[in-house]
């Protein structure tokens, strides 16, 4: 599938990674196969496994930019660091694992052929969830969706999706302060408070377990809820 109708816009894929030695090379390979003009900005967030060594293989690769952090700060910090290197028309977030199908980004990017579209989320709940999602993650996703719609009039089905894409001028205009997984509620809240409509595209999702490397925990869920509540009345 090629990127038709989207005026061959350049896409900056920001890939925050932390201890993803089992997946990072395959993620980059799949992104490189996408028929879009792109750059892949990989931010290693202080990994202590072999991830940094694997990423050094891409030195000199014209499509891949690598930033290695000596310390672990969190996904939100890694995304903010990646934005400093992004030069594309569109900025897309890609986790360093294989829970999502990179081909779904072609559908997301295609939506930007409409000049009125500024933000597109990939929705797992209008797409397909290919294996069982643990009940606590399912419940957290539902709570966050309800809060985003109730507090911000977002009218979305998947607030916590990892697949989020923005026109670069839009995401760079948002004063992000996130450090960990609160990137999702923070960016959703601040986009809606600034009047941006969030469009959605159905995507596939294959959730992994903690044993497989999933890093989000119950504490992050409570922080996400608090972030949506706090930013409804305050703005950093």
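The values are calculated or read from the model by the stated rules, or taken from the named source; none is laboratory data. What you see is a predicted model; the values in this text were computed from it and never measured. FYI the Cβ positions are ideal-geometry reconstructions off the backbone, even for glycines, and counts take in every protein chain you see.
Residue by residue through region 6-32, note down the ones that are touching a residue at least 60 places away in the same chain (Cβ under 8 Å), under 19 Å from the mean Cα position of the chain (by Cα) and closer than 18 Å to residue 91 by Cα. 9, 10, 11, 12, 13, 14, 15, 16, 17, 27, 30, 31, listed by residue number. Only one of the listed residues (39, 26, 53, 21) is closer than 22 Å to residue 169 by Cβ, at pLDDT 95 or above and surrounded by fewer than 22 Cβ atoms within 10 Å (Cβ to Cβ). That residue is 39. Checked against the criteria, residue 224 does not count as in contact (Cβ under 8 Å) with a residue 12 or more places away in the chain, surrounded by fewer than 18 Cβ atoms within 10 Å (Cβ to Cβ) and either within 14 Å of the chain's Cα centre (by Cα) or within 24 Å of residue 20 (Cα to Cα) (or both). Considering region 130-218, the qualifying helices (runs of 4 or more DSSP H), each wholly inside and each with 2 or more residues that are within 24 Å of residue 45 (Cα to Cα), modelled with pLDDT of 95 or more and within 15 Å of the chain's Cα centre (by Cα), run over 168-172, 183-193. Scanning region 82-97 for residues that are under 15 Å from residue 42 (Cα atoms) and not in a strand (DSSP E or B) returns 82, 83, 84, 85, 86, 87, 88, 94, 95, 96, 97. The residue list 12, 47 contains one member that is touching a strand residue (DSSP E or B) at 6+ places or on another chain (Cβ under 7 Å), modelled with pLDDT of 95 or more and in a loop (DSSP other than H, G, I, E, B), which is 47.
Which count do you get for residues in region 96-142 that are buried (at least 19 other Cβ atoms within 10 Å of the Cβ), in contact with a helix residue (DSSP H, G or I) (Cβ under 6 Å, 6 or more places away or on another chain) and over 21 Å from residue 82 (Cα atoms)? The qualifying residues number 1. Would you confirm whether or not region 61-81 contains a residue that is assigned to a helix (DSSP H, G or I), in contact (Cβ under 8 Å) with a residue 40 or more places away in the chain and over 26 Å from residue 204 (Cβ atoms)? For region 61-81, residues assigned to a helix (DSSP H, G or I), in contact (Cβ under 8 Å) with a residue 40 or more places away in the chain and over 26 Å from residue 204 (Cβ atoms): present.
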